[in-house]
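As structure tokens, the structure follows; a few thoughts come after it.
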Amino acid sequence: MRLLVACCDEQPKQIHEIKDFLLTARRKDARSVKIKRSKDVVKFKVRCSKYLYTLCVFDNEKADKLKQSLPPGLSVQDL
């Protein structure tokens, strides 16, 4: 039973604001960003030490602008 609780605790966290996502990406423990594009949505996933944080952007122009705003030290992968 304890394993089930620990598994549910490590779920990815969704961020709803672009500003909050940029602050999370600038943290010291942020390691990488993965960008996944589909037909309707662009998902930005930043890997931090404990959680994977996800931001969904529905506007392609905002997504391109956000990609330019990411910190230069982070490794960025387009999926």
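Every number in this text was worked out from the coordinates using simple rules, so none of it is lab data. Note that this is a predicted model, so its numbers are computed, not measured. So basically every Cβ, Gly included, is an ideal-geometry build from the backbone, and we count neighbours across all protein chains shown.
Listing for the model above:
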item	result
Normalised alpha carbon radius of gyration of the chain [divisor 2.2 N^0.38 Å]	1.16
For Ser49, Ser32, order by how many other beta-carbon atoms lie within 10 Å, fewest first	Ser49, Ser32
Per-residue [θ]222 nm for the chain (sum of -39500 (n - 2.57) over DSSP H runs n ≥ 4, rounded to 500)	-9000 deg cm²/dmol
Hull shadow area, averaged, the stretch 12-54 [alpha-carbon convex hull, nm²]	2.9
Ranking of Leu79, Leu66 by count of other Cβ atoms within 10 Å, fewest first	Leu79, Leu66
Anchor Lys50: lysines whose Cα lies under 28 Å away (excluding residues fewer than 8 positions away in-chain)	Lys13, Lys19, Lys28, Lys34, Lys36, Lys62, Lys65, Lys67
Crossing angle, helix 60-69 versus the chain [Cα axis fit, 0-90 degrees, rounded to tens]	80
The stretch 5-79 - percent relative contact order, Cα under 8 Å, separation 6 or more	35
Dipole moment magnitude, nearest 20 debye, the chain about Cα centre, only Lys, Arg, Asp, Glu C-beta charged	240
